[in-house]
Amino acid sequence: MSTLFISQDEVRDLLPMSECIDAVRAALADLARGEGIQPLRPVMWLPEKVGALGMMPGYLGSIDTMGIKTVTVFPGNAGTEYDSHQGTVMLFDAGNGRLEAVIDASEITAIRTAAASAVATDCLARPDASILAILGAGVQGATHARSIPLVRDITEIRVWNRTRESADRLVESAAGNGAKVRAVDSVAEAVAGADVVCTTTAAPDPVLDGDLLEPGMHVNAVGSSVPFARELDASAMARARVFVDRRESTLNESGDFLMAKAEGAVDDGDIVAEIGELVIGSHPGRATDDEITLFVSLGLAVEDIAAGEVVYRKAIEEGKGVSIEFGGTRHD
C-alpha cells in the first residue's frame, strides 16, 4: 500500500493562493454546518518555551478526509535558514484509515493562513477597501501581500517591520502586482488611513494600539496563536467587533483575546461569530461602514486538511510527489 510524499517546493507549485482561498472557505463552511470535526490542539512546549510541537487533528465531511498537522514552532529561527514553522500534514482516508499523503507543512501553513485572512477580509472588509497595511515582513507578511488583493481591489500596500531591511525585501518581492508597495518607518504611518490591517509578527507584546484604529477598518490578527503573546492591546480588542475562526480555540489559545479579557476589556460574549457562519450566511457580519471589525486567526487543522487535499489531488493528476510503500496492508 503506497503513500504519496509531497515536498515543500511541490506544495508551492500545486497550491495557488486563489485555490487555497476557495478550499479554506469551504472548510470553514463545513465547520459552521456541523460537517467537520475540530478538536483543540495539544501543544508540547520545550523548556523555557524556546520551541513547541503542536498536534492538530481534524475531519472534513465534504471531502470525507481526516488528517493531522504536526508542526514545530521555533520563533528563534527568524534570520536563519530554517522556517519558524516546520512539519507535516498527513491525510487519511476516512473510510478505511489508509495514510494517503504526507505533505510538507511549512508551505501549506504559509499559504492557508493568508488564505483564511482573505476569506475573513472578503466577509468583513468594506467593499471599497483599497489600502492594505502589513505589520511584520516575514513569511506571513509576504503571503498576506498576495492573498488580500485577491478579494479586494488593493491599490496601495504599506509594510512595517522592526527591521527595515526585511520590510524592503517584502516590498521588492511584492512589486509588480498592480498595487503601489512601500516600506514605512512606523506602525502609525502604516495604519493611518488603511482599510485592511494585517498583523503578522512574532511579537510577544502588542504592536497595534487601539488608538491607531479608525472607523471602518478591518484587522486580521494573525501572528499570535498562544495564550501568552499578543499583537493587539486591550484597547484595540475592546474597540473592535470580534470575529474568530473557532470560538473554542479563541477561548483557550488566543493571547490577544485572553489577555484583554484578563484586563476587563472584553468577555466571552464579545465574540460575535465564527467566519464560517458568515460564509454560509447564518450571520450578516459587518453591520455598518463605520464599525471596526477584527478577525482573530489561530489556524485550524481543517484548513490544513482542505489545503492538503488540493495538493494531494493535483499531485496525482500531475504526477508529482514520491510514492512509497508504507504499510497498512493486512497480513494474515
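The values are calculated or read from the model by the stated rules, or taken from the named source; none is laboratory data. Computed from a prediction, not measured in an experiment: that's the story for all the values here. When we count neighbours, we look across all protein chains shown, and the Cβ atoms used for this are built from the backbone with ideal geometry, even at glycine.
Things to note:
- Qualifying residue in the range 116-139 (condition: of a type in the set (Ser, Thr, Tyr) and within 21 Å of Arg246 (Cα to Cα)): yes
One line per residue, one yes/no per condition, for (1) of a type in the set (Asp, Glu); (2) free of Cβ contacts under 8 Å to residues at least 40 places away in the same chain; (3) in a helix (DSSP H, G or I):
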position: Ile21; (1), (2), (3): no, no, yes
position: Leu28; (1), (2), (3): no, no, yes
position: Leu31; (1), (2), (3): no, no, yes
position: Gly34; (1), (2), (3): no, yes, no
position: Leu40; (1), (2), (3): no, no, no
position: Pro57; (1), (2), (3): no, no, no
position: Lys69; (1), (2), (3): no, no, no
position: Thr72; (1), (2), (3): no, yes, no
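- Where helices (runs of 4 or more DSSP H) sit wholly within the range 242-316, those with at least 2 residues that are of a type in the set (A, V, I, L, M, F, W, C) occupy 255-262, 275-279.
- Top-ranked residue of the range 74-95 - restricted to ones that are closer than 16 Å to Ala306 by Cα and out of contact with any Lys or Arg (no Cβ under 9 Å at 6 or more places or on another chain), ranked as modelled with the highest pLDDT: Leu91
- Boolean, Lys320 is assigned to a loop (DSSP other than H, G, I, E, B) and farther than 22 Å from Ala116 by Cβ: yes
- Selection over the range 184-202 of residues that are touching a residue at least 40 places away in the same chain (Cβ under 8 Å) and surrounded by 15 or more Cβ atoms within 10 Å (Cβ to Cβ) gives a count of 12.
- Hey, Ala115 touching a residue at least 12 places away in the same chain (Cβ under 8 Å) and closer than 22 Å to Ile275 by Cβ or not: yes
- Matching residues, the range 42-51, being surrounded by fewer than 16 Cβ atoms within 10 Å (Cβ to Cβ) and not in a helix (DSSP H, G or I): Pro42, Val43, Met44, Trp45, Leu46, Val50
- Filter result (under 21 Å from Leu258 (Cβ atoms) and either among the small types (Gly, Ala, Ser) or touching an Asp or Glu at 6+ places or on another chain (Cβ under 8 Å) (or both)) within the range 182-219: Thr199, Thr201, Ala202, Ala203, Pro206, Val207, Leu208, Asp209, Gly210
- The set of residues from the range 235-254 being without any contact (Cβ under 8 Å) to a residue 40 or more places away in the chain and closer than 29 Å to Ala142 by Cβ comprises just one member, Ser235.
- Residues of the range 74-105 satisfying the condition of being of a type in the set (A, V, I, L, M, F, W, C), under 20 Å from Val11 (Cα atoms) and either surrounded by fewer than 19 Cβ atoms within 10 Å (Cβ to Cβ) or free of Cβ contacts under 8 Å to residues at least 12 places away in the same chain (or both): Leu99
- For the range 242-257, the set of residues classified as crowded, with 19+ Cβ neighbours inside 10 Å and not polar (S, T, N, Q) consists of Val242, Phe243, Val244, Asp245, Arg246, Glu253, Gly255, Asp256, Phe257, listed by residue number.
- Of all residues making up the range 122-144, the number that are closer than 18 Å to Val159 by Cα and surrounded by 24 or more Cβ atoms within 10 Å (Cβ to Cβ): 10
- Subset of the range 195-235 [charged (D, E, K, R), outside any helix (DSSP H, G or I) and more than 18 Å from the chain's Cα centre (by Cα)]: Asp195, Asp205, Asp209, Glu214, Asp233
Residue by residue, here is whether (1) modelled with pLDDT under 95; (2) charged (D, E, K, R); (3) crowded, with 18+ Cβ neighbours inside 10 Å; (4) in contact with a helix residue (DSSP H, G or I) (Cβ under 8 Å, 6 or more places away or on another chain) holds:
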{"site": "Ala273", "(1), (2), (3), (4)": "no, no, yes, no"}
{"site": "Glu291", "(1), (2), (3), (4)": "no, yes, no, no"}
{"site": "Lys314", "(1), (2), (3), (4)": "no, yes, yes, yes"}
{"site": "Gly319", "(1), (2), (3), (4)": "no, no, no, no"}
{"site": "Gly328", "(1), (2), (3), (4)": "yes, no, no, no"}
